[in-house]
Amino acid sequence: MKIRAIVPVAVMLVGLAGCGSDDATTLNPPPSTTTIPGNVDLSDVEWVDLTDKDAVQIQVRDNEFLPSHFIVEAGTPITFRNVGRNQHNALPVDENEPFEAIPTEDLAPKDQVEMVFSEPGEYPYPFYCSLHGTATKGMTGAVRVVEGSAEAT
């Protein structure tokens with residue numbers, strides 16, 4: 001398993017991806033979303049609240065991330081796990097985002113990659129699979145990172 005730590009440098013932004021359970025709630029629309037990196041419109045998406053999870057797994061399926069739009073607390077490990085039959089990747093919509101690209105060679109079937117967003121932010125980090133979509137259509141998602149109650153200050 002590959003592990004990546006993500007720390008926003010310029011503007012504290014918010015992150016993406018997680019897998020849900022029956023306990024997950026949705027937030028629609030996300031609070032404080034005015035300017036989205038890459039001009040991606042996320043106003044109509046349903047956000048899965050995973051802030052009560054110690055770790056989150058995002059299923060990378062053929063043609064979708066599940067969940068595709070999720071909220072986590074800063075410091076929560078997020079694992080992208082390819083449960084499909086095809087290779088995938090996860091690329092940030094905006095190269096200036098703190099979402100580090102997951103290349104195709106790291107996300108073959110049954111592979112997984114873990115990342116952690118250390119800092120909370122205010123805006124969602126949109127991402128997509130370039131093999132099965134574009135920045136605005138197809139296999140897309142976004143992660144939103146919020147300040148956690150158990151987070152060290």
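The values are calculated or read from the model by the stated rules, or taken from the named source; none is laboratory data. Computed from a predicted structure; not experimentally measured. So basically every Cβ, Gly included, is an ideal-geometry build from the backbone, and we count neighbours across all protein chains shown.
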For residues that are over 10 Å from the mean Cα position of the chain (by Cα) and among the hydroxyl-bearing types (Ser, Thr, Tyr), scanning just segment 121-148, find the one that is modelled with the highest pLDDT.
-> SER130
HIS88 versus (1) modelled with pLDDT of 95 or more; (2) more than 14 Å from ALA142 (Cβ to Cβ); (3) surrounded by fewer than 18 Cβ atoms within 10 Å (Cβ to Cβ): which is the lone unmet condition?
-> (3)
The correct count of residues that are over 19 Å from GLU100 (Cβ atoms) and in contact (Cβ under 8 Å) with a residue 24 or more places away in the chain in segment 39-68 is 16
Given the conditions (1) free of Cβ contacts under 8 Å to residues at least 60 places away in the same chain; (2) under 19 Å from ARG144 (Cα atoms); (3) touching a strand residue (DSSP E or B) at 6+ places or on another chain (Cβ under 6 Å), which single one is not true for THR79?
-> (1)
If we scan segment 3-13, do we find a residue that is within 14 Å of THR140 (Cα to Cα), at pLDDT below 95 and assigned to a loop (DSSP other than H, G, I, E, B)?
-> no
Leading residue by the ranking (nearest to the chain's Cα centre (by Cα)) among those in segment 21-61 that are at pLDDT 95 or above and among the acidic types (Asp, Glu) | ASP49
Meets criteria (over 21 Å from TRP47 (Cβ atoms) and in contact (Cβ under 8 Å) with a residue 12 or more places away in the chain) for GLY84 = yes
Candidate set from segment 95-141 (those that are touching a Ser or Thr at 6+ places or on another chain (Cβ under 7 Å) and hydroxyl-bearing (Ser, Thr, Tyr)); member that is surrounded by the fewest Cβ atoms within 10 Å (Cβ to Cβ) = TYR123
